[in-house]
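The values are calculated or read from the model by the stated rules, or taken from the named source; none is laboratory data. Treat the numbers as computed from the prediction; the structure is a model and nothing was measured. Quick reminder, even Gly has a Cβ in these numbers, built from the backbone with ideal geometry, and neighbours come from all protein chains shown. The accessibility values were calculated without ligands, DNA or RNA, using every heavy atom of the protein model including side chains. Shrake-Rupley method; radii C 1.70, N 1.55, O 1.52, S 1.80 Å.
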Amino acid sequence: MQIISHIGRMSVLFRLRSILPSRTKQLFAVMFRRNAHQKIVSGTENCSKPPSRGLVLGVYSDEHDRYESGLLTPAAAKYNEYYTNGTLLDLLHIAGPMPKRGEARIFYNLEPTYSAVAVCGLGSECLGYDPVEKQDISKEAIRIAAATGCQELQKLDTNRIYVEDMGHAESAAEGAHMGMWVNQEMRNVDRRVFIPQLQLYYEPALSCDSNGWRIGLAKAEAQNLARLLQESPANRMTPTTFAQNVVQILCNSGVNVEVKVRSWAESQGMTSFLTVAKGSCEPPIFLELSYYGTNPKERPIVLIGQGNTYDSGGISAKKLHALRDMRGDMAGAACIVATCRAIAALKLPVNIRALIPLCEHMIGCNAMKPGDVVKVKNGKSIEVVDADYEGPLVLVDALLYAENFGPKYIVDVSTISDHVLETFGKVCSAVFTNSEDLWQRIKNASVHTGDRVWRLPLWDYFTQQMCSVQHVDVQNFGRGVGGESCKAAAFLREFLPCGEWMHIDAYNVMTTKGIDFPYLRRGMAGRPTRTLIEFIAQACCPNKCN
């Protein structure tokens, strides 16, 4: 049957040769002789052997012109000329229209070094920053191309994949490594997807940005770490096991980890955090991470991550469809842990203090109830109007505790309000800040990473809605219809000790369906980890070349 199928292919080749130009006929003749010898003489032996080395290259083209001849990137052009004697480009023309962004063409056995070559579309060569989209389109095209090429070669069980920089090595590394990541920790080893080794491909005659590749790798690994933590089932990622994992992850990274238990939180007067935790039999944990990359006397940046390892909604129970992804409600905590590891790996000259309150929000005999009133360390009283709005309550005590470190500024990441999903879909995180400088910096960072943010208002109008009653100082839900994410930010501002502060609500970007970004497979997204890393990196390395 195999020989018959090969004969069928030969007859097709002969018919094609009769209608193609002379250069193409010569090309087919070479292909025919080589492929006929390899496939018919060697039989199934070669067919069953997966490619050992793959190569990902890029091509520019006008996506609106189907007759566009395409322009190979410098590295691809060198490979085409020196290794394949022009065969790669000729075959690319024969294969149909040039690949668009998110598309790839695979070619086999062009030369002995690489058994499979993926040529990926980068769109127009003139792409750059789009002021309307608030995104560097060219860098995003590189991420998509690198991920697409690697995923296509991964299907062939390629052992090692070399990726060219496509004009920006950092973006290529991000797309390739994030695109390869698969959540399969709980899957049987025999049924796991094969993960190839990834390396930067370079031509000796061209410049090689190995440092950019290293930076992109650190960012991609950080986001993949956040995804891994988020994906872990809640029964295997309790506050205690989360803390144990963080100790193991950061033990040799240069980040110090302090694990504080319930008695310590009680001694610090963390009544709001403990009120949320008391409905679960799992004990709460408070993590304090510290990294010193510069003079220890310099004031640190304080990062706070909401760490609800599961959110049932408490007494105000969630519906089934809303419960399915609640293992990822510690997205803020995962993002902060991953950011700290990346900062240490990149040896950034900055001091970081990260605070992560960890607990489960469950329905229990001791769970907080609507109408309960909690008094916190700064003397203000909080009424629990809706037990399902526990996110701000978890962060209150961490904000108050941050005052002990005299921070330069405070950044908290949480998944507080599902209303940001209705507003933005999966496209960007919501940002609230009392500092124009912090907003400009996080916006610039998001342009570079492609993981966008959008600023929402911190108006006194929302504060009045949260502080409108006479019997307590503030409510966790407030009056009025709509604006829940804005009201949650206004609530947090009531407990801000002092200085500059930024609140990132990442509820809507917690998960992805695998189509929002081709380099993120379906599941937990790990966002906005890379944007937060870039935000801090640009602050302490202002001359960093993007």
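What the table below lists for this structure:
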read-out	value
Among the residues listed as 220, 205, 172, 176, the single one being open to solvent by 70 Å² or more (accessible area, probe 1.4 Å) and either at pLDDT 95 or above or not in a helix (DSSP H, G or I) (or both)	205
Number of the exception - residue 284 against (1) within 30 Å of residue 346 (Cβ to Cβ); (2) within 28 Å of the chain's Cα centre (by Cα)	(1)
All strands (runs of 3 or more DSSP E) inside segment 427-546 with 2 or more residues being open to solvent by 10 Å² or more (accessible area, probe 1.4 Å) and in contact with a helix residue (DSSP H, G or I) (Cβ under 9 Å, 6 or more places away or on another chain)	452-455
Any chance residue 406 is open to solvent by 10 Å² or more (accessible area, probe 1.4 Å), at positive phi and in contact (Cβ under 8 Å) with a residue 60 or more places away in the chain	yes
Residue satisfying all of: in segment 386-403; open to solvent by 20 Å² or more (accessible area, probe 1.4 Å) and out of contact with any Gly (no Cβ under 7 Å at 6 or more places or on another chain); farthest from residue 499 (Cα to Cα) among these	386
Scope segment 86-97; condition open to solvent by 20 Å² or more (accessible area, probe 1.4 Å) and either of a type in the set (S, T, N, Q) or in a helix (DSSP H, G or I) (or both); matching residues	87, 89, 90, 91, 93, 94
Scan of segment 113-124 for residues that are closer than 20 Å to residue 518 by Cβ and either in a loop (DSSP other than H, G, I, E, B) or among the basic types (Lys, Arg) (or both), ordered by number	122, 123, 124
Unmet criterion (only one of (1) surrounded by fewer than 23 Cβ atoms within 10 Å (Cβ to Cβ); (2) in contact with a Lys or Arg (Cβ under 9 Å, 6 or more places away or on another chain); (3) under 26 Å from residue 493 (Cβ atoms)) for residue 310	(3)
Residue in segment 406-415 that is in a strand (DSSP E or B) and among the acidic types (Asp, Glu) present	yes
Residues within segment 406-436 that are charged (D, E, K, R) and either within 19 Å of the chain's Cα centre (by Cα) or over 22 Å from residue 333 (Cβ atoms) (or both), tallied	4
Lone qualifier among 341, 353 - being in a helix (DSSP H, G or I), crowded, with 17+ Cβ neighbours inside 10 Å, out of contact with any His (no Cβ under 6 Å at 6 or more places or on another chain) and not polar (S, T, N, Q)	341
Scope segment 356-377; condition assigned to a strand (DSSP E or B) and either open to solvent by less than 10 Å² (accessible area, probe 1.4 Å) or among the small types (Gly, Ala, Ser) (or both); matching residues	356, 357, 358, 359, 361
Among the residues listed as 390, 383, 403, the single one being within 29 Å of the chain's Cα centre (by Cα), more than 30 Å from residue 519 (Cα to Cα) and among the charged types (D, E, K, R)	390
Some residue of segment 146-160 being in contact with an Asp or Glu (Cβ under 9 Å, 6 or more places away or on another chain), of a type in the set (Gly, Ala, Ser), at pLDDT 95 or above and open to solvent by 30 Å² or more (accessible area, probe 1.4 Å)	no
Residue that is nearest to residue 428 (Cα to Cα), among those in segment 134-167 that are part of a loop (DSSP other than H, G, I, E, B) and touching a helix residue (DSSP H, G or I) at 6+ places or on another chain (Cβ under 8 Å)	134
Among residues of segment 114-145, those that are among the hydroxyl-bearing types (Ser, Thr, Tyr), open to solvent by 20 Å² or more (accessible area, probe 1.4 Å) and in contact with a strand residue (DSSP E or B) (Cβ under 7 Å, 6 or more places away or on another chain), counted	3
Cβ pairs under 6 Å, 6+ apart, first in segment 166-194 and free of Cβ contacts under 8 Å to residues at least 40 places away in the same chain, second surrounded by 21 or more Cβ atoms within 10 Å (Cβ to Cβ)	180/150
Subset of segment 409-426 (residues that are closer than 27 Å to residue 287 by Cβ, open to solvent by less than 50 Å² (accessible area, probe 1.4 Å) and not aliphatic (A, V, I, L, M))	409, 412, 414, 415, 417
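To keep it simple, each residue is scored yes or no on (1) open to solvent by 50 Å² or more (accessible area, probe 1.4 Å); (2) part of a strand (DSSP E or B); (3) hydrophobic (A, V, I, L, M, F, W, C).
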{"site": "258", "(1), (2), (3)": "yes, yes, no"}
{"site": "265", "(1), (2), (3)": "no, no, yes"}
{"site": "273", "(1), (2), (3)": "no, no, yes"}
{"site": "276", "(1), (2), (3)": "no, no, yes"}
{"site": "289", "(1), (2), (3)": "no, yes, yes"}
{"site": "298", "(1), (2), (3)": "yes, no, no"}
{"site": "304", "(1), (2), (3)": "no, yes, yes"}
{"site": "318", "(1), (2), (3)": "no, no, no"}
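For (1) at pLDDT below 85; (2) touching a strand residue (DSSP E or B) at 6+ places or on another chain (Cβ under 8 Å); (3) part of a helix (DSSP H, G or I); (4) under 22 Å from residue 154 (Cβ atoms), each residue gets a yes or a no:
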{"residue": "40", "(1), (2), (3), (4)": "yes, no, yes, no"}
{"residue": "57", "(1), (2), (3), (4)": "no, yes, no, yes"}
{"residue": "84", "(1), (2), (3), (4)": "no, no, no, no"}
{"residue": "99", "(1), (2), (3), (4)": "no, yes, no, yes"}
{"residue": "111", "(1), (2), (3), (4)": "no, no, no, yes"}
